[in-house]
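Comments concern the structure below.
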Amino acid sequence: MEAKSTPVLLLTGYLGSGKTTLVNHILSNKRGIRFAVIVNDIGEVNIDADLIQKGGIVDKKDDSLVALQNGCICCTLKMDLVEQVNEILMQNKFDYIVIEASGVCEPAPIAQTLVSLQQMSSKYAGREACYLDSIVTVVDALRLQSEFECGDALKSKDLDEEDIENLVIQQIEFCNIILLNKVSEVEKSELARIKEIIKTLQPYAEIIECDYADVDLDKIINTRRFQMEKASISAGWIKELERPLTDEEKADAEGHHHHHHDHDDDDEHEHHCHHHHDHDDDDDEHEHHCHHHDHDDDDDEHEHHHHHHEDGKECDDPHCSCHHHHHHHDGGEVEEYGIGTFVYYRRPAFNLDKFEAFVSKKWAKNIIRTKGVCYFSINPEMSYMFEQAGVQKKVTEAGQWFCTAPEDELKEILAENPEILNDWDEKYGDRMQKIVFIGQKMDKEKIIAELDACLEK
């Protein structure tokens, strides 16, 4: 007899976005669906669970409500989450599981945990199983209006402002449904701008507008629309980073340094793989096998202010540009609503001190999201992932470039992966600076000029 597979809905969203209101809406359904709810709150008192209980939807003694406190299910409470889901499945009395993640949770690690649980269950005949049905990110339209004004960052008593902006963006980037809540509180023109920003950050997710989290359950329940592979590459920066470079972009890079050569237009994501994968961080669900495959962001498990080296130790390099929080000067790119993207592409190495000075002192506050691969002359064998969300910026090691491999090993690698040669430079090999910028009214030429000034001559 084949075991029943129970669908799971993962709800993410910053504090106050409307997740709990949505949970109450789900639980008050008149369809007879038996829901089990797992609520995660990082505080000592589980406020969200209390709100659900006070709403009279779930009795305090009802085992359909599970509260996971004093930790985050995307990192420290992963096994607690697995145990609670398994316990619910073994009871065999619920039709659906809803997980309300804490406002500070990153969705990708939670999704990976649930998918792994699904895969484990499928290996054992007759074992109760589950599957991730949808990831719904609830966002507050009014708050996003303030968030994307290119002004002051969101502030919280419990979190550093850079954490908040980073989390909001990551929650938008990793989901298949975005519930844009409180839309009536925002003017139509502002709402259009907000939606355009969301679509730029996350071009594939469905956006559902609502007030008071009042949404047709058919749009979020039993959809079977979540696909891990698709979600992992759905962020806007990935789309930009992995698209073939235009002739203009190549010519611009060649014009800057004449030793750069033209290449074919099939610059797919495999082209920028690095050679070594020596990352042993226990929190990482996926090793960084390729610069452009670092999509799950599992290395971002709230260690927002350091990067890890190959030995797994935190960076204590005083010259490292792991985190910077200052902004200056505005830009001026012309797009609808002023929202635009571009790719910075060069082959020479960055001077670390100059790059650090640019990031810390000259970063434009209207840059919303940045992510890409880079390297520095101080350690040209190592590739790095540079990323920014809101005011937070960090650099993490991503492994050594292919071109640093011993000659015999390199020949073997290129024979097995000939596509690498599509973007191979005679002087630099596969080394490159390739960084995606997403922002509002960015001064593209100024940003490029500032970055060019950071390159080694």
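The values are calculated or read from the model by the stated rules, or taken from the named source; none is laboratory data. Remember, predicted model here, so these are calculated numbers, not experimental data. Ideal geometry is used to build each Cβ from the backbone, glycine not excepted, and the neighbour counts take in all protein chains shown.
Quick rundown of the values:
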{"item": "Members of the stretch 378-417 found to be out of contact with any Gly (no Cβ under 9 Å at 6 or more places or on another chain), of a type in the set (S, T, N, Q) and either in contact (Cβ under 8 Å) with a residue 12 or more places away in the chain or outside the structural domain of LYS365 (by TED's automatic domain parsing) (or both), listed by number", "result": "GLN388, GLN392, THR396, GLN400, ASN417"}
{"item": "Residue that is modelled with the lowest pLDDT, among those in the stretch 222-278 that are assigned to a helix (DSSP H, G or I), surrounded by fewer than 17 Cβ atoms within 10 Å (Cβ to Cβ) and basic (Lys, Arg)", "result": "LYS239"}
{"item": "All strands (runs of 3 or more DSSP E) inside the stretch 376-457 with 1 or more residues being within 22 Å of PRO244 (Cβ to Cβ) and among the small types (Gly, Ala, Ser)", "result": "382-389, 392-400"}
{"item": "Residues of the stretch 353-386 satisfying the condition of being of a type in the set (A, V, I, L, M, F, W, C) and over 25 Å from the mean Cα position of the chain (by Cα)", "result": "ALA357, ILE378"}
{"item": "Qualifying residues in the stretch 178-198 (those that are in a loop (DSSP other than H, G, I, E, B) and under 12 Å from GLU209 (Cα atoms)) - the one modelled with the lowest pLDDT", "result": "VAL186"}
